[in-house]
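Heads up: the structure comes next, in structure tokens.
Values in this text are rule-based calculations from the coordinates and carry no lab data. Worth saying up front: this structure is predicted, and the values here are computed from it rather than measured. Using ideal geometry, Cβ is built from the backbone for each residue, glycine included, and neighbour counts are taken over all protein chains shown.
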Amino acid sequence: MKKIASFTVNHDKLEKGMYVSRIDGDAVTYDIRMKKPNGGDYLPNAALHTIEHLFATYARNSALSDSVIYVGPMGCRTGFYLILRDAVSPAEAISLVKDTFAFIARFEGKIPGAERRECGNWLEHDLLGARAIAEDMSKVLEGWTEERLRYVE
């Protein structure tokens with residue numbers, strides 16, 4: 001079988017940040033890397049779940065909502081994938097991700113979609129953990145530019 005693109009990235013050189021993972025037609029997949037791969041520190045499930053709810057809600061209510069195809073966690077628990085239509089410029093994508101983490105870092109109140117009838121694992125959420133991760137990522141992405149969207153070889 002052919003090796004998929006994400007498995008060709010050297011995870012030993014990958015740092016926290018935002019990268020273009022792949023482009024498929026009009027869909028651009030962004031790698032939002034929140035933890036250093038194989039670093040022993042991974043996204044805790046409850047915080048990851050809360051980030052998923054807040055990230056998806058914010059992105060799908062943003063000015064770019066019509067271009068948001070998917071937001072979701074990586075199985076390795078080191079980050080998320082964000083898939084956008086290519087009508088969104090790289091600068092707009094970076095701005096959306098920065099704005100989303102700022103939103104999560106200061107979010108208070110009821111987590112959207114976290115009622116039993118809305119969510120398949122409604123009891124496993126951690127807002128404080130999600131806020132701490134989002135605050136960290138806000139610092140990581142300060143000054144992030146289009147040039148930094150490329151993986152390090």
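Tabulated data
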{"read-out": "Cα long-axis angle, helix 90-106 against the chain (0 to 90 degrees, to the nearest 10)", "value": "30 degrees"}
{"read-out": "19 Å Cα-Cα threshold exceeded, pairs from 13/98; 2/36; 36/110; 35/98; 3/36", "value": "13/98; 2/36; 36/110; 3/36"}
{"read-out": "With at most 10 neighbouring Cβ atoms within 10 Å, loop trypsin sites (Lys or Arg not before Pro) (DSSP) excluded, longest segment of the chain", "value": "14-109"}
{"read-out": "Structure-based [θ]222 nm, the chain - -39500 (n - 2.57) summed over DSSP H runs of at least 4, per residue, nearest 500", "value": "-10000 deg cm²/dmol"}
{"read-out": "FRET efficiency for residue 102 and residue 15, using Cβ-Cβ distance with R0 set to 22 Å, rounded to 0.05", "value": "0.60"}
{"read-out": "Shape call, segment 7-140: gyration tensor on alpha carbons, a/c limit 1.5", "value": "oblate"}
{"read-out": "Potential lengthening between residue 69 and residue 26 on full extension [0.36 nm per residue; Cα-Cα distance subtracted]", "value": "14.4 nm"}
